[in-house]
Amino acid sequence: MKAFKLLALTSCVLLAAGNGVAQQNYSKSEGLLQYVDPYIGSGYHGHIFVGTSVPYGMVQLGPTNIHKGWDWCSGYHYSDSILIGFSHTHLSGTGCTDLCDILIMPLNEIRTPRGNQDDIRDGYASRYSHANEIARPEYYSLLLDRYNIKAELTATDRVGFHRYTYPEGKPASILIDLREGNGSNAYDSYIRKVDDYTVEGYRYVRGWSPSRKVYFVLKSDKKIEQFTAYDDNTPQPWDQLKVASVKSVLTFGNVKEVKIKVALSSVSCDNAAMNLQSELTHWDFDKVVDMSAPRWNKQLEKMTVETDDEASKRVFYTAHYHTMIAPTLFCDVNGEYRGMNDMIYTDPKKANYTTLSLWDTYRASHPLFTYTEPERANDMIKGFLKFYEQNGALPLWNLYGWETNMMIGYHAGPVIVDAYLKGIGNFDPEKALEACVATANRDDYRGIGDYKKLGYVPANSDPKKWENWSLSKTLEYAYDDYCIATMAEKMGKKEIADEFYKRAQNYRNVYNPATSFMQPRDEKGNFAANFSPDDYTEDICESNGWQYFWSVPQDLDGLIGLVGSKERFAEKLDSMFTYVPKSEEDLPIFSTGMIGQYAHGNEPSHHVIYLYNKVGQPWKTQKYVAEVLHNLYLNAPDGICGNEDCGQMSAWFVFSSMGFYPVDPVSGKYEIGTPIFPEVKMHLANGKAFTVLAPDVSRENIYIQSVKLNGRPYDKSYITHEQIMNGDTLEFEMGNQPGPVWYK
C-alpha cells in the first residue's frame, strides 16, 4: 500500500496573548457539528475546501493561498503559511483549478501588488499560523501575522459575512482584488462606488469553466472614508473602473471593527443586491453563525453513528459534511441564473445547482443523495434537463453554469435512472429519457459516432482522427447505455431498451482473450501492440489496464465468463491487490492510496474491492475494505488519500463504513463489505430509520460470521433499496478470522 505522510493536526485554538486584538473564542460546536473537522483532506492530495458555508450553498467563503500547482486546486493547502485574502467561491476536492472569486484582504498598510511566495515584503500577502486559525463549517477565523488583524467569516446561501478586528493606531482598510483568482485571471472586471457604504462590480473569467461571470455587491457597516480604484497597481481618479485587472482599496478611518457583507450573483449586480436584501438585512455576525450551525446539524443528523472511537467518529461526520459542499446552489433568490448560452433563465423552485463532477459522483455521492437528499436530488435532475434544453446534451462536468467537458461518459444518465427507478422526484421521465438518448447519440462528440458504428471507440494512429482515452470511453459509454436501457425498459420503450442493451455489451469488443485484459483497438480491429496493463497511457483515463478492466458493473457475470471461470476471476482479483510493479515515484499523481494495482485515490477502482462477493470469497472484500477504511481515511489533514472529488471519496467512506456499497449504482442493490461502527442509523425522509448493527466490530474483528435482517438469518451478498426504505435492521456478527460464506 502506498504510504502517505501524515501531518500533525494542530489545535484550533486562537492565541490572543499580546496581539492587541480583542478576541472572541468560539466555544466548541455543539451537536454532531462538533465532530466535523474541515482540515481533514486539506493536506496531501485531498484538495478540500477550508472555510465556511451552508449546505450546498452558492458561497464558499474561506482563505486563499498563492496558487502553486495541483495541490492548491481548492485555493488552500494545509502545508502553506501565506495568505492573499478571503475569496467567496472555492472548489472542493477537484483535480482541476478555478474559482476563488472576489478576493478581499484586510489591511492597515496600503499595498496593491500581491507579493510572491518567497518574498511578500512589497505585496499585500501575509503570513499566518494554524495555531491562530479556527476552521468550522459555520465559522472561520484567522489572525493575519503581518497586520495583526483578526478575520472572522461566516455565510448564508448567497452572502459572505466578514468581521475584521483591527489593532489601534492605523486606518482600517480592505483591498478588493478582482484580477486574482485561483490559477486564472479575469479578462474583464468592474467596480463602482455606489454610496458611502456600498460597492458593486463583476469579474469575468475564462478558466476551467469557459466563461464565468460573477457579480457582487459589497456593503460595510462603517462609512467608506476613501475609495481608490486601481488598474492593477496604478491608482485611478474615478469612483468606477472597468479594466481587466481591477483592484480597489476601501479605507474606513481609525475604527476598531469593520463588518463586510458580500452577495454574489451570476446574473447582475442588481440581483446580487436583491440576494443581500433577502438573506442578510442585519449586522449581527454571531446571529448568522448561530443560524448556520443548526442547518449543518440538521443535515448531519440524517446519518448517526455510535462508537467509542472518537477519531473514527470525526472521520465519518467530516466525510458526511464533505458530501454537502457540492453540488452548489446556482440561482438567485428570484430563481434567475445565467445559462451556458449566456442567457438568463429562471428556476421556479429557486433550486438550480452547479459544480457537478459527474464522472466521480455518479458512483456513490448521487446514490447517497437519494437517501439523504431526495428532494434536492429531484431538483438537481430538473436542472440537468434544463441544461439539456440549453445545450442539447446533459451535463458532464458543469461549473458555474458552463460545461467544462472534463472527463468522459454521459454520467448524468445513471443519476437520472437511479432516481427514476427508485421513484424519487417529479421530474418528467419522458423528457429525461429523451435527454439521455440524445446525449448518447452525439455522433460528432468524443468518438460516439465510431463507438456506435464499430462497437468501440477506436485508438487511431492518425492524429487527425485520434481519440484519447478510447478504451475508457468504450467501457463508460457501455455502462451508461445499460442505464438508459434499464429506464427505457421500465417505461415500456422496448425499441430503445433493445438498442441500448445491445450497446451495453460493447465492453466485449475491447476484451482481448490473448492477454485477458481490456485493450485499445484501432479502427481496423487490431488490438494495440506492446500493450502492458501496468502502463498509464493516453488510451486509458487516469488509470491503467488493471484498474479499468473491472469497469463492467452492468454485467459482471458476463465479465467472469470472458475470463473463463469464477476461479480465474478470483485469481485475477488477487493479482490486482498484490501485484506492485512500480515504485511510488513512478506512479502518476492520480494513482494514490495504492493496494497492489488498486488505486483508492481515483474513482475507477472504487467498486473493484467489492467484486470478491461475485466469486464466493467475501472475506477478501472484508479484508481490503477494512484496510481502506482504517488506513486511508484518517483524522488528520492528510487523512484522504487522493482528490476528494466533490464528495465521491467521502461518499465511498459513508456507504462502506455502514457495511455496503453501490457497485452498480442503478441496480438498487448494495454489495455487503464490512462495517466499522457498532451502530449506524440512516434517518430517512419517509420517517423511518435503516439500522446497521455490529456490536462486536473492532479493528481486529473485521470478518463477517453471519448476517441477520430484522432478526432473521440473511442469505444474500447484497441489501436492497427497498430494505433500506422499509427501515429494516441489518445485523452483523463479527470475528477476527474469515467466516463462512453466509449467502447462497
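At a glance:
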quantity: FRET efficiency estimate (nearest 0.05) - Cβ-Cβ, residue 453 to residue 530, R0 30 angstrom; calculated: 0.70
quantity: The range 38-107 - convex hull of the alpha-carbon atoms, volume per residue in Å³; calculated: 82 Å³
quantity: Within-9-Å neighbourhood charge of residue 708 [Cβ basis; K, R +1; D, E -1]; calculated: -1
quantity: Where 96, 641 fall by accessible area, highest first, once all protein chains stay in place (1.4 Å); calculated: 96, 641
quantity: Three semi-axes of the equivalent ellipsoid, the range 93-188, Cα gyration tensor, whole Å, largest first; calculated: 21, 19, 14
quantity: Where labels lie 7 Å past Cα in the beta-carbon direction, separation of residue 118 and residue 405 in nm; calculated: 3.7 nm
quantity: Amide proton proximity set for residue 539, modelled H, under 5 Å, gap of 5+; calculated: 469
quantity: The chain: Rg to Rh, with Rh as the Kirkwood radius over Cα pairs; calculated: 0.98
quantity: Summed side-chain charge close to residue 685 - residues other than residue 685 whose Cβ falls under 10 Å, Lys, Arg +1, Asp, Glu -1; calculated: 0
quantity: Derived scalar couplings ³J(HN,Hα) [the range 88-101; Karplus, 6.51 cos²θ - 1.76 cosθ + 1.60; whole Hz; x for Gly, Pro]; calculated: 9, 9, 9, 7, 9, x, 7, x, 10, 10, 5, 6, 6, 8
quantity: Residue-span extension gain [residue 346 to residue 491] - 0.36 nm each, minus C-alpha spacing; calculated: 49.3 nm
quantity: By accessible area with a 1.4 Å probe, ligands and nucleic acids excluded, highest first: order of 454, 276; calculated: 454, 276
quantity: Solvent exposure ordering (accessible area, 1.4 Å, most first) of 728, 309, 481, 270; calculated: 270, 309, 728, 481
quantity: Kirkwood hydrodynamic radius (C-alpha pairs) into Stokes-Einstein, the range 373-431, 4 °C and 1.567 mPa s, D in µm²/s; calculated: 110 µm²/s
quantity: Probe 1.4 Å - accessible area at residue 86, Å² to nearest ten; calculated: 0 Å²
quantity: Gain in span if fully extended, residue 168 to residue 291, counting 0.36 nm per residue against the direct Cα distance; calculated: 41.2 nm
quantity: Computed accessible area, residue 328, all protein chains, 1.4 angstrom probe, square angstrom; calculated: 10 Å²
quantity: Accessible surface, the chain, averaged per residue in Å² (probe 1.4 Å); calculated: 34 Å²
quantity: 5 angstrom amide H check on residue 221, placed H, neighbours 5+ away; calculated: 259
quantity: Reachable aspartates and glutamates, given that their alpha-carbon falls under 14 Å from the alpha-carbon of residue 313 and they are not under 8 places away in the same chain; calculated: 37, 301, 679
quantity: Gain upon complete extension [residue 726, residue 309; 0.36 nm per residue less C-alpha separation]; calculated: 147.2 nm
quantity: Model label zone, residue 568; criterion: amide N under 18 Å from point 7 Å along Cα-to-beta-carbon; scope the range 515-548; calculated: 515-519, 533, 546
quantity: Apportionment of accessible area to carbon and sulfur, the chain, percent (1.4 Å); calculated: 47 percent
quantity: Total formal charge among the other residues, if their Cβ is under 14 angstrom from that of residue 571, Lys/Arg +1 and Asp/Glu -1; calculated: +3
quantity: Set of lysines with alpha-carbon distance to residue 219 below 23 Å, sequence-local pairs under 8 removed; calculated: 150, 170, 193, 242, 247, 256, 259, 261, 287
quantity: Estimated vicinal HN-Hα couplings, Hz - the range 135-145 in sequence order (Karplus 6.51, -1.76, 1.60; Gly, Pro = x); calculated: 10, 9, x, 9, 7, 10, 9, 8, 9, 7, 4
quantity: Cross-link reach list, lysines versus residue 453, counting only Cα pairs under 28 Å and skipping chain neighbours closer than eight places; calculated: 431, 464, 465, 473, 490, 493, 494, 502, 524
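The values are calculated or read from the model by the stated rules, or taken from the named source; none is laboratory data. These numbers come from a predicted model, not from an experiment. As a convention, Cβ positions derive from the backbone with ideal geometry for all residues, glycine included, and neighbour counts pool all protein chains shown. All accessible areas refer to the heavy atoms of the entire protein, side chains included, with ligands and DNA or RNA removed. Shrake-Rupley method; radii C 1.70, N 1.55, O 1.52, S 1.80 Å.
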